[in-house]
Amino acid sequence: MNDRTALVTGANKGIGFHVARLLAEQGFQVHVGSRSAERGERAVAEIGGNARLLVLDVTDPGGIERAAARVDRLDVLVNNAGVQPVTGTPSETGVEGFRQTYETNVFGVVAVTNAFLPALCRSARPRIVNVSSGTASLAWSTGPNPQFAEGVPRSAAYRSAKAALNALTVLYAQELAGDGFKVNALAPGRRATDLVPGAAVGGGDPAEGARGVVRLALLPDDGPTGGFFSWDGTPVPW
């Protein structure tokens, strides 16, 4: 089937770029969501013929509305765009730091998902994948990730925003189950991107995390919904 379509937000670099590339290789017509037209065009050129630019800032309501008007039908939505502007503990992080983080990582996901729901509802097998983080797990208080060092709750704004995203994933999955949707969240693992300070050194291959996203985007009709999974398919407690 060659008319499948997908939208990946924040797809001009990092994990989002690799998700868009892999979906294009699967035969999808991929809308490469990018705040910057210039960076988006470079990504589209690198991905090739099945990619097209969709200028999209997930924090801009007017821009989201204009982008949604350009997409008539959508089979896959990948909410990948994310930011981590602050990295402190709860007491070290001001309200503005939380606000900036939630604006993209939570409110942006709601705005984009709701705007593109009409297009998704025209698909026979609609899929939504929300790119979350293992650091969002409330069940994991310690571990090898520096975010968990000595149990100190650093990156509180980012981690709590991704936990909220996990909750939204469940709520969307419940609401849309009757319409054939599969809505899941993925923890891609610590990857060599510029999102997390220091991750570019010693982080894993972003393409490996992207493959986990694509796996959820291609779920069969009897696949799970409302779940939170690691990049390798393992359920994550949260």
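Need the failing condition index for LEU53 against (1) hydrophobic (A, V, I, L, M, F, W, C); (2) under 18 Å from VAL129 (Cβ atoms); (3) free of Cβ contacts under 8 Å to residues at least 24 places away in the same chain, just the number.
(2)
Is it the case that region 177-185 has a residue that's modelled with pLDDT of 95 or more, among the aromatic types (Phe, Trp, Tyr), in contact with an Asp or Glu (Cβ under 9 Å, 6 or more places away or on another chain) and crowded, with 19+ Cβ neighbours inside 10 Å?
Checked region 177-185: at least one residue is modelled with pLDDT of 95 or more, among the aromatic types (Phe, Trp, Tyr), in contact with an Asp or Glu (Cβ under 9 Å, 6 or more places away or on another chain) and crowded, with 19+ Cβ neighbours inside 10 Å.
Name the residue, out of ARG52, ARG21, ARG73, that is touching a helix residue (DSSP H, G or I) at 6+ places or on another chain (Cβ under 6 Å), of a type in the set (D, E, K, R) and not in a helix (DSSP H, G or I).
Exactly one of ARG52, ARG21, ARG73 is touching a helix residue (DSSP H, G or I) at 6+ places or on another chain (Cβ under 6 Å), of a type in the set (D, E, K, R) and not in a helix (DSSP H, G or I), namely ARG73.
For the structure I just gave you, tell me whether THR135 is over 21 Å from PHE181 (Cα atoms) and part of a loop (DSSP other than H, G, I, E, B).
no
Taking GLY16 and the conditions (1) assigned to a loop (DSSP other than H, G, I, E, B); (2) buried (at least 24 other Cβ atoms within 10 Å of the Cβ), which numbered condition does it fall short on, given that it satisfies the others?
Here GLY16 clears every test but (1).
Results for (1) over 23 Å from ARG190 (Cα atoms); (2) among the polar types (S, T, N, Q); (3) in a helix (DSSP H, G or I); (4) in contact (Cβ under 8 Å) with a residue 40 or more places away in the chain, shown as yes or no for each residue.
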residue: ALA11; (1), (2), (3), (4): no, no, no, yes
residue: ARG39; (1), (2), (3), (4): yes, no, yes, no
residue: ALA43; (1), (2), (3), (4): no, no, yes, no
residue: ARG66; (1), (2), (3), (4): yes, no, yes, no
residue: VAL86; (1), (2), (3), (4): no, no, no, yes
residue: TYR102; (1), (2), (3), (4): no, no, yes, yes
residue: ALA111; (1), (2), (3), (4): yes, no, yes, yes
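Mind checking which pairs have a first residue in region 215-238 that is polar (S, T, N, Q) and a second that is outside any loop (DSSP other than H, G, I, E, B), Cβ under 6 Å, 6 or more apart or different chains?
THR225/ALA173; THR225/LYS182; THR225/VAL183; SER230/ALA187
Look through PRO153, PRO197, PRO206 and report the one residue that is modelled with pLDDT under 90, under 16 Å from the mean Cα position of the chain (by Cα) and not aliphatic (A, V, I, L, M).
PRO206
Before we move on, is GLY27 on the phi > 0 side of the Ramachandran plot and either modelled with pLDDT of 95 or more or crowded, with 23+ Cβ neighbours inside 10 Å (or both)?
The answer is yes for GLY27.
Please specify each residue of region 114-133 satisfying the condition of being surrounded by 19 or more Cβ atoms within 10 Å (Cβ to Cβ) and hydroxyl-bearing (Ser, Thr, Tyr).
Within region 114-133, SER132, SER133 meet the criteria.
The values are calculated or read from the model by the stated rules, or taken from the named source; none is laboratory data. The structure displayed is predicted, hence computed values, not measured ones. Cβ: placed from backbone, ideal geometry, glycine included. Neighbour counts: every protein chain shown.
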